[in-house]
Amino acid sequence: RLWAKVDVPDSEVWEDECWPWTGSKRSKAGHGHIGINDSTIAAHRAAYEIVNGPIPEGYILHHECENPPCCNPAHLTPMTRSEHMAHHRQMTHCQRGHEFTPENTYLRPGGQGRTCRTCKARGRKRYR
């Protein structure tokens, strides 16, 4: 059931490409979700566990491709939350290529990360 909603490319380099989730997306970040055994879990987590086994306790999955709907297990790396946050703090550009400058960076309240102001503004325009 999971793989029916994952768009696995028909190419020789399918392991290198993203496998986007085509089903329901219930998170702000764009992660897909699927119902399994009377609960809802993130689709990328389900894909990872089917291929690699359980995610270690206390770990989350990082998308190496920086594409939240991607379910390609080769793009998913288990990290602790602190490792994941440290990785994102080192990034100099958002996933769409805009530089994180002081003028283009929105710092979320309570130290909960940062957002590209250019992307945030484009997102607001789409929904007006």
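The values are calculated or read from the model by the stated rules, or taken from the named source; none is laboratory data. Predicted model, so just to flag it, every value in this text is computed and none were measured. Methodologically, a virtual Cβ is constructed for each residue, glycine included, from the backbone with ideal geometry; neighbour enumeration extends over all protein chains shown. When the accessible area is computed, the model is the full protein with side chains, heavy atoms only, and any ligands, DNA or RNA have been set aside. Shrake-Rupley method; radii C 1.70, N 1.55, O 1.52, S 1.80 Å.
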- For segment 55-128, listing chymotrypsin sites (Phe, Trp or Tyr not before Pro) in a DSSP loop whose Cβ sees at most 11 other Cβ atoms within 10 Å gives Tyr127
- Note on the structure: Here, trypsin sites (Lys or Arg not before Pro) of segment 1-96 satisfying both criteria (DSSP loop; at most 16 other Cβ within 10 Å) are Arg1, Arg26, Lys28, Arg96
- Task: Would you mind estimating how fast the chain diffuses translationally, via Stokes-Einstein at 37 °C and 0.692 mPa s with the Kirkwood radius over Cα pairs, in µm²/s?
- Result: 203 µm²/s
- the chain, accessible area per residue, ligands and nucleic acids excluded (1.4 Å, Å²): 68 Å²
- Charge dipole of the chain built from unit charges on the beta carbon (Lys, Arg +1; Asp, Glu -1), centred at mean Cα; most positive-end Cα among His44, Ala29, Gly123 is Gly123
- What angle, in degrees between 0 and 90 and rounded to the nearest 10, separates the Cα long axis of helix 81-90 from the longest principal axis of the Cα atoms of the chain? 50 degrees
- Message: Tell me the mean residue ellipticity at 222 nm calculated for the chain from its helices only (DSSP H runs of n ≥ 4, each -39500 (n - 2.57), averaged over every residue, nearest 500).
- Response: -7000 deg cm²/dmol
- Task: Determine which lysines satisfy two conditions relative to Lys120: a Cα distance under 18 Å, and not lying fewer than 8 residues away in the same chain.
- Result: Lys28
- Rounded to one decimal in nm, the spacing of the 7 Å Cα→Cβ label points at Thr105 and Lys120 is 1.3 nm
